[in-house]
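Here's the structure, in C-alpha cells; my notes come after.
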Amino acid sequence: MPIHENRSSVLDFHANANKPYYITTPIYYVNGQPHLGHAYTSVATDMLARFHRKAGHPVHFLTGTDEHGQKVQQAAEAAGVSPQAYADTVSLQFREMVNALGCSHDDFIRTTESRHKIAATKLWKALEASGQIYLGAYEGWYSVRDEAFYSETELIDGKAPTGAEVIWMKEESYFFRLSQWTQPLLAHYERHPDFICPKGSRNETIAFVGQEGGLKDLSISRSTFSWGIPVPGNPQHVMYVWLDALANYLSAVGYAAADTAGSDSGSLYKFWPASLHVIGKDILRFHCIYWPAFLLAAGLPLPRRVFAHGWWTKDGQKMSKSVGNVLDPMQLVAAHGKDPLRYFMMSEIPFGSNGDFSHLAFANRYNADLANDVGNLTQRVATLLQKHCHGRVPQPGTREVPLQPEALDVSKLLRTDLELLQACDTALQACATHATSLNLKQYCETIIDISRLGNRYIDTEAPWTQAKAGNFERVHSVLYTLVEALRRLSILLEPVIPDGAAALYAQLGVTDPMQQTFASFATPVLPGSSVGIPAPVFPRIDVGGLAGVGAEAPSTAAAAAGGAAGAKPSTGNFKSTQQKQKKDSHNPALVAS
Ligand code: MSP
C-alpha cells in the first residue's frame, strides 16, 4: 500500500530492468596467494552485482583466475610440480577467497579451461583474418623477473623501473597492429566520456594514447617458454598472457559458440558487451587501450565502462606480493566474519582513491556505523516491540496490536513519521545514483545517515515516555514507522553486507523475499506480522583483541580515541605510481624491430 504520493519517482531507475548487466572482476594471477587487494576488487564488484540484481536487472557476474605465463611456469618449477597442478592449487585458493567474502558470482573462469582456450584462439584468428597480426622480431631489454620488455628510456641506472635486472634480448614475435588504433581509440574516448572512470584514469589514458607518435605495435606472442595457449598455426609460440587473459571476458559468455558477426547464437552471448569491468588502476592500460583495440580490430562491440579503483596500501606502500606487505583477507574473515571486512572496504575510502589499511580504522568504522548506529537502533526497536507489542508489528494509531497480518492504515501516521519514511525513499534514489556512478563510499554513507535519522527520531519521539503516559496509540505509530524504516535500510544495506542484512530481516520478521527488494519500498510491512527475538545484530569488535589478526596491534589508548587513525584516502597518481609498478611495465608495448 502506498504511503507517499511521489513514490513512483523512487523507482525510476527500474526503467532499465530487463537490460542485461554483465560485470567482471579482473581474473587473478595464480602466481601468488590472494590478498586484501584482490578481496577489494571482488567485494566492490559483488556489491554492484547485488545492487543490480536487487534493481531487477538480469545480472551476470564473472570472476576467475589468470593461469598462464612465464611466472606461473617458473613458480611451478620452483615448487616441483606441473604448471597445471600449481594453477589448480592457487586457483582454488582464489575460489575459496571469493566464497569466503560472500561473492555472488555466476561464473568462475580459469584460463586453462578449454572453453577459454577455444575462445582465445577464435579471437586470435579473428584478428589475423582482419590483417591485424604479423610476424616480426622483438629486440630490446627484457626482465625475466618482471616478464616484461622495456624500452631504453624506461631503464633507470641500467635496470628495469622495478629495480629488476634486464638483459638484451632478441625474440621472434607476432605483433598486433596497435598503432593503427590510436585515432579510433581517441575517437571512442571522446564519444563515450564514461567509458573510462574515474576522470583521472580517463585523462591518463587519453594522454598515453595521444602521445606524440601514437601507439606502437604490440608483441602478442612469446616463444621462450611454453606455458600458454599455442598460437594457431605456429605452436612454437604461445599467446601473450594479456591477450589470453583479456579474452576471458568473452570466453565466459559464449563467444566461442557465437557466430563471427557477433549475433546471439550462444545463450549467454546476450551479455556481451560487458556493462562494467572493475579493475585496479595498475591494469588500466591493458583494459582501456589494448582490450578495446583488440575488440575494434576483431569487429566486436566494446565494453560500456571500465572503472579503475585505487590501491590498499600498508604504511604508504601498495600491498603486493613482491613488497611482502600483504594482508590475508581469509584471516580477517576468520576473525571477524565477512561483513565487517566488506563494510570497511566499501565505506572507508572513496572508490577510485588509495587508502592505507589500519586494523584500528577497521574496527572503529564497523563499531561506529554498524554496531552503534544501525545495531543499537535495531535492538532498541526490537526490545520495544517485545515489551509493548507482544513481538508483533503494531498498527499505527491503535491501542491493540493485531494478532494476524492486516492491511496498513496510514491515516494515523504523523508528519514526522512520514518524513522518516520519505527520507528512506530519498535514500533509495540517492543510493541508485551512487551505485550507477560507482560512488560506493557515498552509497554506504547514505544508509548510515538514515540510521542516524532513525536514532534521532526515536530519541525525539521517545516511545518509552509515551508508554509510561499510557499513550499506546502513539507508541504503535512510532514503532511501526521504525520497523518500516529499518526494513528499507536493510534492503539498501544488503548489497554491501548480505549476512548483516539477513540478520536484520530476521530481527524485523521480514521473511518474504519480495519484501526484500527495492520495489518493495512501495509495499510497507503489514501490521500484525511477527518480529524476531531481540539479539545483537552487529556485535562490537573488541579493538584490544585485534593483535593476532594482523601486523599492527592497536593500542587501547589509541583505540579509545575512536576512529582517529582511519584509512587515509589519497588520490592515486596514475603516472608516478604507474612507473613504479611492475605490472605496468610488465606491458611489453613493444616496437617491432
Ligand atoms: N591477471 C591480471 C588481470 C587480468 S584481467 C584480464 C592481474 N591480476 S592480479 O592478481 O595481479 O590483480 C588483480 C586485481 O587485484 C587488479 O585489479 C589489481 O589492481 C588488484 N589489486 C592487486 N593489489 C592491489 C592492492 N594493493 N589494492 C587494491 N587492489 C589491488 O592483474
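Can you give me the distance in nm between label points at Glu172 and Lys468, each placed 7 Å from the Cα along the Cα-to-Cβ direction?
9.1
Gain in length, Arg540 to Ala368, computed as 0.36 nm per residue apart minus the alpha-carbon separation, to one decimal in nm?
Numbers: separation 172, 0.36 × 172 = 61.92 nm, distance 0.90 nm.
Stretched out fully, the Arg540 to Ala368 stretch lengthens by 61.0 nm.
What list of ³J(HN,Hα) values in whole Hz, one per residue of the stretch 269-278 in order, does the Karplus curve 6.51 cos²θ - 1.76 cosθ + 1.60 (θ = phi - 60°) give from phi, with Gly and Pro shown as x?
Residue by residue, the stretch 269-278 yields 5, 4, 7, 8, x, 4, 6, 7, 9, 8 Hz.
Below 12 angstrom from the Cβ of Val326, what's the summed charge of the other residues (Lys, Arg +1; Asp, Glu -1)?
Numbers: positive: Lys314, Lys318, Lys321; negative: Asp328.
Residues near Val326 contribute +2 overall.
Just the ratio, please: alpha-carbon radius of gyration of the chain over 2.2 N^0.38 Å, N its number of residues. Walk me through the numbers on the way to the answer.
On the way: Rg = 26.8 Å, N = 593, 2.2 N^0.38 = 24.9 Å.
Compactness ratio reported: 1.08.
Have a look at Ala423, Val59, Ser223 and report the one farthest towards the positive end of the charge dipole of the chain, computed about the Cα centre with Cβ charges (Lys/Arg +1, Asp/Glu -1).
Farthest towards the positive end: Ala423.
Once a ≥ b ≥ c are taken as the square roots of the eigenvalues of the Cα gyration tensor of the stretch 80-232, is the result rounded (a/c under 1.5), prolate (a/b larger than b/c) or oblate (a/b not larger than b/c)?
rounded
Could you give P(r) for the stretch 241-359, binned at 10 Å from zero, as whole percent values over all Cα-Cα pairs?
Whole-percent P(r) values from 0 Å outward: 12, 33, 27, 21, 7, 0.
Given axes a ≥ b ≥ c from the Cα gyration tensor, I'd like to know whether the stretch 178-251 is rounded (a/c under 1.5), prolate (a/b larger than b/c) or oblate. Kindly include the intermediate steps, with their values, before the conclusion.
On the way: a/c = 2.83, a/b = 2.00, b/c = 1.42.
In terms of gyration-tensor shape, prolate.
So, in nm, how far is label Asp315 from label Lys199 when the simple model puts each one 7 Å beyond its Cα toward the Cβ?
3.6
Just order 44-57, 506-519 by mean Cβ neighbour count inside 10 Å, highest at the front, would you?
Details: 44-57: 23.0, 506-519: 17.6.
Result, highest mean Cβ count within 10 Å first: 44-57, 506-519.
Note down the magnitude of the dipole of the stretch 281-408 about its Cα centre, charges +1 on Lys and Arg C-beta and -1 on Asp and Glu C-beta and zero elsewhere, to the nearest 20 debye. Working shown, then result.
Details: 14 positive and 10 negative charges, 49 e Å.
Taking the Cα centre of the stretch 281-408 as origin, the dipole is about 240 debye.
Amide H neighbours of Gly163 under 5 Å, counting only residues 5+ apart in sequence or on other chains, H built in-plane at 1.01 Å?
none
Which cross-chain or sequence-distant (5 or more) residues have an amide H under 5 Å from the amide H of Asp107, H modelled 1.01 Å from N in plane?
So Asp107 has HN proximity to Phe61, Thr63.
Give the cross-link partners of Lys281 among the aspartates and glutamates, using a straight C-alpha distance below 13 Å as the criterion and excluding same-chain residues fewer than 8 apart.
Counting by Cα, and skipping residues close in sequence, Lys281 has these aspartates and glutamates nearby: Glu204, Asp584.
So what is the 222 nm mean residue ellipticity for the chain from helices alone, if each DSSP H run of at least 4 adds -39500 (n - 2.57) and you divide by all residues, rounding to the nearest 500 deg cm²/dmol?
The helix contribution divided over the chain gives -12500 deg cm²/dmol.
Highest mean first, what order results for 493-500, 395-402, 524-531, 411-418 on Cβ atoms within 10 Å? Walk me through the intermediate numbers first.
Values: 493-500: 22.9, 395-402: 17.2, 524-531: 19.6, 411-418: 14.4.
The peptides rank, most packed first, as 493-500, 524-531, 395-402, 411-418.
Using the Karplus equation 6.51 cos²θ - 1.76 cosθ + 1.60 (θ = phi - 60°), what ³J(HN,Hα) coupling, rounded to whole Hz, does each residue of the stretch 485-496 give in order, writing x for Gly and Pro?
Those phi angles translate into 5, 5, 4, 5, 4, 4, 5, 5, 6, 3, x, 7 Hz.
So who's got an amide H within less than 5 Å of the one on Val231, skipping anything under 5 residues away but keeping other chains? H placed 1.01 Å off N, in plane.
His237, Val238, Met239
Describe numerically, in nm with one decimal, the distance between label points set 7 Å from Cα along Cα→Cβ at Ala85 and at Ser151.
Those two pseudo-labels are separated by 4.3 nm.
What's the extension gain from Leu403 to Ala137 if we count 0.36 nm per residue and subtract their Cα-Cα distance?
On the way: separation 266, 0.36 × 266 = 95.76 nm, distance 8.10 nm.
Fully extending the segment from Leu403 to Ala137 adds 87.7 nm.
Dipole size in debye (nearest 20) for the chain around its Cα centre, Lys and Arg Cβ +1, Asp and Glu Cβ -1? If you can, show how the numbers build up before the last one.
Details: 51 positive and 55 negative charges, 101 e Å.
Using only the charged Cβ atoms, the result is roughly 480 debye.
Please compare each pair in Lys71/Lys170; Lys170/Lys216; Lys318/Lys338; Lys216/Lys318; Lys387/Lys468; Lys71/Lys122 to a cut-off of 21 Å on the Cα-Cα distance and tell me which ones are over it. Show your work: numbers first, answer last.
Values: Lys71/Lys170 19 Å; Lys170/Lys216 18 Å; Lys318/Lys338 23 Å; Lys216/Lys318 29 Å; Lys387/Lys468 12 Å; Lys71/Lys122 25 Å.
Correct reply: Lys318/Lys338; Lys216/Lys318; Lys71/Lys122.
How large is ³J(HN,Hα) for each residue in the stretch 160-174, as worked out from phi by the Karplus curve 6.51 cos²θ - 1.76 cosθ + 1.60 (θ = phi - 60°), to whole Hz, x for Gly and Pro?
Result, rounded to whole Hz: 5, x, 7, x, 6, 5, 10, 10, 6, 9, 10, 9, 5, 8, 7.
Where a number appears in this text, it was derived from the coordinates with a stated rule and is not lab data. Keep in mind that what you see is a predicted model, and the values were worked out from it rather than measured. Please note: Cβ atoms are built from the backbone with ideal geometry, for glycine as well, and neighbour counts cover all protein chains shown.
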